[in-house]
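Undergrad: My questions will all concern the structure given below.
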Ligand SMILES: Cc1cc2nc3c(=O)[nH]c(=O)nc-3n(C[C@H](O)[C@H](O)[C@H](O)COP(=O)(O)O)c2cc1C
């Protein structure tokens, strides 16, 4: 049951550096990320998988020295588009036309309207919107990892500017928004592993309008 998986996962604090996530498991997690829904299907972000230990050591220094960045076997970085552009939106529509084998006037009109709307907003608003799409995929990534019995730590505790520099993201029109190291818990060394999950009381958190 999904809730058993969600109870199994936790924001792992200590990972075992001797254990690596297999290519097969990584591939299924990436496929789940790819299947995340996004507004108008734009997928306005990239998913950067960093395996290289030297690069991850640099990134760890820019992530408050959080050990999971190097103790895990891979670091997944979600980097959102810095803005919407004609090129980016048109590429999605063209992909849709190719994959579905048809051109559609309604679809063209839809994306023309969407561009007019997005281009009327400032860059920051568009980036924030793109970042929210990345977070949906990030949530699915956390669940997908847990379904594979792979540990993960959701992380916002990093210096996005330094990440962008190390990974060369700005020149590609991207900005890192959230990161997720994956690996395997070191249960003997992790202070959090056996602590109860803490959540707000259900009746404060969920309101029923009957
Ligand atoms: C967006 C986001 C950012 C987070 N950033 C960090 C982080 O930088 N480092 C860390 O150890 N945990 C981080 N956490 C973990 C949360 O503290 C944790 O998910 C929360 O306390 C609930 O605990 P659980 O995930 O173990 O159920 C983050 C979680 C989320 C969702």
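Undergrad: Of all residues in the range 1-14, count the ones that are in a loop (DSSP other than H, G, I, E, B) and without any contact (Cβ under 8 Å) to a residue 12 or more places away in the chain.
TA: 1
Undergrad: While we're looking at this one, here's another question. Out of 150, 92, report the one residue that is under 23 Å from residue 25 (Cα atoms), more than 15 Å from the chain's Cα centre (by Cα) and surrounded by 15 or more Cβ atoms within 10 Å (Cβ to Cβ).
TA: 150
Undergrad: Only one of (1) touching a strand residue (DSSP E or B) at 6+ places or on another chain (Cβ under 6 Å); (2) at pLDDT below 95 fails for residue 210. Which number is that?
TA: Failed condition: (1).
Undergrad: Restricting attention to the range 51-78, and to residues there that are away from the ligand (no atom under 16 Å from the Cβ) and within 9 Å of residue 181 (Cα to Cα), which single residue is farthest from the chain's Cα centre (by Cα)?
TA: Ranking the candidates gives 73 first.
Undergrad: List the helices (runs of 4 or more DSSP H) that sit entirely inside the range 15-104 and contain at least 3 residues that are in contact with a strand residue (DSSP E or B) (Cβ under 8 Å, 6 or more places away or on another chain).
TA: 23-34, 68-71
Undergrad: Given (1) touching a helix residue (DSSP H, G or I) at 6+ places or on another chain (Cβ under 8 Å); (2) over 17 Å from residue 151 (Cβ atoms); (3) touching a residue at least 40 places away in the same chain (Cβ under 8 Å), identify the lone condition not met by residue 28.
TA: Going through the list (1) touching a helix residue (DSSP H, G or I) at 6+ places or on another chain (Cβ under 8 Å); (2) over 17 Å from residue 151 (Cβ atoms); (3) touching a residue at least 40 places away in the same chain (Cβ under 8 Å), residue 28 breaks only (2).
Undergrad: Residue 156 versus (1) within 16 Å of the ligand (Cβ to nearest atom); (2) on the phi < 0 side of the Ramachandran plot; (3) over 16 Å from the mean Cα position of the chain (by Cα): which is the lone unmet condition?
TA: Status for residue 156: all satisfied but (3).
Undergrad: Would you check if residue 137 is within 13 Å of residue 9 (Cα to Cα), touching a residue at least 12 places away in the same chain (Cβ under 8 Å), buried (at least 17 other Cβ atoms within 10 Å of the Cβ) and in contact with a strand residue (DSSP E or B) (Cβ under 9 Å, 6 or more places away or on another chain)?
TA: no
Undergrad: So which residues in the range 1-31 are surrounded by fewer than 17 Cβ atoms within 10 Å (Cβ to Cβ) and away from the ligand (no atom under 16 Å from the Cβ), if there are any at all?
TA: Result: 1, 17, 18, 19, 20, 22, 23, 24, 27, 28, 30, 31.
Undergrad: So which residues in the range 159-174 are crowded, with 21+ Cβ neighbours inside 10 Å and within 16 Å of the ligand (Cβ to nearest atom)?
TA: Answer for the range 159-174, where residues must be crowded, with 21+ Cβ neighbours inside 10 Å and within 16 Å of the ligand (Cβ to nearest atom): just 163.
The values are calculated or read from the model by the stated rules, or taken from the named source; none is laboratory data. Predicted, not measured: the structure shown is a model, and the values here were computed from it. Cβ coordinates were reconstructed from backbone atoms using ideal geometry, including for glycine residues, and neighbour counts include every protein chain displayed.
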